[in-house]
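Let me begin by presenting the structure, written as structure tokens, before commenting on it.
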Amino acid sequence: MRILDFLRARPKNTANIARERLRIIVAQERATRGGPDYLPLLRGELLAVIRKYVNVDPDAVQVNVERDGEHEVLELSVALPEGPVKAAGGA
Amino acid sequence: MTEIIVVTSGKGGVGKTTSSASLATGLARRGYKVAVIDFDVGLRNLDLIMGCERRVVYDFVNVIHNEATLKQALIRDKRFDNLYVLAASQTRDKDALTQEGVGRVLDELAADGFDFVICDSPAGIEKGAHLAMYFADRAVVVVNPEVSSVRDSDRILGLLSSKTRRAERGDGPMKQHLLLTRYNPVRVEAGEMMSVKDVEEILGIPVLGVIPESEQVLAASNSGVPVIHDAGSIAGQAYADSVARLDGDDVELRFIDAPKKGFFKRMFGT
């Protein structure tokens with residue numbers, strides 16, 4: 001309603017940006033919480049091994065521990081790049 | 001039955017000690033026998049906020065190490081004789097606290113007929129913070145509407161549900177309350193600050209209270225009188241409302257909307 005509003009640049013709604021960033025990071029951190037401490041290390045080493053053979057993205061390897069009734073299941077998933085698979089760097 | 005409430009946050013400087021002082025004072029004003037304990041060993045401050053810094057002779061660590069009795073170390077509040085402060089040690093480090101010792105002090109307070117024990121947690125997630133939350137029945141998580149505070153609080157929520165006696169015993173989830181401090185409704189309305197609803201949704205715990213940003217909070221800590229005593233300040237009133245909710249009353253949130261602007265201001269801005 002302010003008649004002078006058009007004269008100044010409207011500041012961005014940074015509260016919305018904060019909310020969206022937090023939603024993502026909090027969901028991500030909650031997903032990894034409670035898992036064994038070795039998971040990030042395991043994930044890093046697996047990634048290094050896979051990358052010796054296939055050139056995958058750093059976030060292509062997912063390691064999760066899921067509870068299935070009485071026992072826990074270590075779940076690994078590796079997303080391979082699209083297109084013909086090429087060996088990485090001739091290593 | 002003694003109820004142990006931890007006031008925690010993860011991040012420093014969000015208002016844990018200010019909140020502990022006002023919640024403890026408010027519960028005492030409602031007639032309960034209350035002890036408030038400073039777990040920030042090495043960086044004691046609760047005594048300053050409560051205005052009893054010159055009456056500290058023995059502290060929490062002295063009691064834990066059997067250098068003083070609990071009776072000697074508890075400092076009676078100037079205004080309410082059913083409110084006591086247990087100061088942290090200035091000279092020892094955080095390793096001076098032990099789980100066994102903290103448990104023993106809490107048991108003794110329970111045997112003395114205390115209704116509430118408020119544990120004022122240090123910042124961080126190390127030993128002092130861990131021991132402040134370990135024996136708690138309920139948690140008040142103090143949050144500023146700001147990204148790092150919200151994220152750290154979520155980390156604390158994770159610890160509350162895994163690293164406490166309740167969690168270890170499988171006694172079911174601890175009751176957790178969100179206390180939003182330094183809230184500025186004008187900035188929320190302008191889209192510069194996350195709203196109560198935003199923070200509540202991200203963290204997923206119910207709101208105990210919203211304390212508006214207020215000059216009276218600094219004035220209160222300057223003079224060593226918990227801000228809840230200042231009935232004329234909106235922060236004091238908001239703390240009183242929070243205490244009522246903590247005690248089970250159904251009180252509507254206040255001071256969360258920006259004041260309505262008059263016709264002149266709406267036309268010409270501020």
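A short reminder: the numbers here are calculations on the coordinates, not readings from a lab. What you are looking at is a predicted structure, and each value in this text was computed from that prediction instead of being measured. Reconstructed Cβ throughout: ideal geometry from the backbone, glycine too, with neighbour counts over all protein chains shown.
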- Item | Estimated FRET transfer efficiency (residue B:222, residue A:12; beta-carbon r; R0 30 Å; 0.05) | 0.25
- Message: Regarding the protein assembly as shown, what's the average projected area of the Cα-atom convex hull, expressed in nm²?
- Response: 25.8 nm²
- residue B:175-residue B:189 pseudo-label distance in nm [points 7 Å out on the Cα-to-Cβ vector]: 3.4 nm
- Return the average number of partner chain Cβ atoms within 10 angstrom of each residue Cβ along peptide A:18-25. 6
- Note on the structure: Within the range B:30-64, the residues whose backbone N lies under 13 Å from a label point placed 7 Å from the Cα of residue B:93 along the Cα-to-Cβ direction are B:42
- Task: Quote the FRET efficiency, to the nearest 0.05, computed for residue B:55 versus residue B:215 with a Förster distance R0 of 30 Å and r equal to the Cβ-Cβ distance.
- Result: 0.60
- Note on the structure: If the chain between residue B:112 and residue B:197 were fully extended at 0.36 nm per residue, the gain over the current Cα-Cα distance would be 26.6 nm
- Query: Based solely on its DSSP helices, what 222 nm [θ] is calculated for chain B when runs of n ≥ 4 H residues each add -39,500 (n - 2.57) and the sum is averaged over all residues, nearest 500 deg cm²/dmol?
  - Reply: -11000 deg cm²/dmol
- For chain B, what relative contact order do you get, as a whole percent, if you take Cα pairs closer than 8 Å and at least 6 residues apart? 23 percent
